[in-house]
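The structure appears right after this line, and notes come after that.
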Amino acid sequence: GQEYDVADEHPDVVDRLRTAHETWWDEISPLFEQYCPISLGNDAENPTRLNAMDVMGDVAWNQGHILMAQKSTGQWTVDVEQEGEYRFSLRRWPEELDLPIDAAAPPEEVEPIPYTSGSACETIQPVKARLKIFDHEEIVEINEGSTEAAFSIQLQQTGITQLEAWFVDADGEERGAYYVHVERC
C-alpha cells in the first residue's frame, strides 16, 4: 500500500533510480512528436489491420466512438516494407461483423460496449471511398449495402509514408475509414 516512505533511509537507491529514470527519459523524449509507423507487406504480418485507434491526430479511440460515427483523420503512418501488389479494404465495421458500411450495428452488439451510455448506433452513408499512399491516389464508388471499399494498387516504392483512407458522403464530406485491411498479394 506504500504507506511508509523509506526514501530518506535509502538515498543511494533513490539516486540510482532517479539517474536511471532521467537517462531513460532523455533517450525517449526526443521522439515524442514522431508517430511509430505500422509495417505493411512484412511476411511475418500479412495481412495487417489498421484501425481507428491507430490513426494520427483526431482518433475514434474506442468502440463507442466508432458506434457513434465520430470523425477521425483517416491517416496512418505506415512503413511499406516490400514492393508489390497490395489490396486495401476500407471498412466501417470489423471484418468479423460482416456488416455493410452504411448499416447500424445490431443492438445486441452495441449494448455490451463501454462508453456508449445506451446511445443508439449512428449510420454513415458514403457514396465514395478515397485512398492515398505515397503519391498514388484512387477513388472508388461505394454501392449501398457494400461491406468494404476495395482498392488494388501496385506499390513500386517502399519506406515510411502516410496512408489516407476516407469515406466520402454525397455532400463531399469526408470521414476517416475506421478499419483498413492491407494485404500484399
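Tabulated values for the structure
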{"quantity": "The chain: angle of helix 11-28 to the longest principal axis, Cα-based, in degrees nearest 10", "calculated": "30 degrees"}
{"quantity": "Linear extension gain, HIS21 paired with GLU122, 0.36 nm per residue minus alpha-carbon span", "calculated": "31.8 nm"}
{"quantity": "Computed label-point distance, nm, for sites MET56 and ASP135 using a 7 Å Cα→Cβ extension", "calculated": "1.8 nm"}
{"quantity": "For ASP15, net neighbour charge (Lys/Arg +1, Asp/Glu -1) across residues whose Cβ lies under 14 Å away", "calculated": "-2"}
{"quantity": "Virtual spin-label span in nm between GLN154 and ASP43, 7 Å along Cα→Cβ", "calculated": "2.3 nm"}
{"quantity": "Environment charge at VAL140 (Cβ cut-off 12 Å; Lys +1, Arg +1, Asp -1, Glu -1)", "calculated": "-2"}
{"quantity": "Shape category assigned to the chain from the gyration tensor of Cα positions, a/c cut at 1.5", "calculated": "oblate"}
{"quantity": "Approximate spin-label separation CYS36-ALA69, in nm, with each point projected 7 Å along Cα-to-Cβ", "calculated": "3.3 nm"}
{"quantity": "Per DSSP, loop GluC sites (Glu not before Pro) in the range 7-104 with at most 16 further Cβ within 10 Å", "calculated": "GLU33, GLU45, GLU83"}
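Read the figures in this text as sums done on the coordinates, not as results from a lab. In this text the structure is predicted, and so the values were computed from the model without any measurement. With ideal geometry, Cβ positions are generated from the backbone for all residues, glycine too; neighbour counts draw on all protein chains shown.
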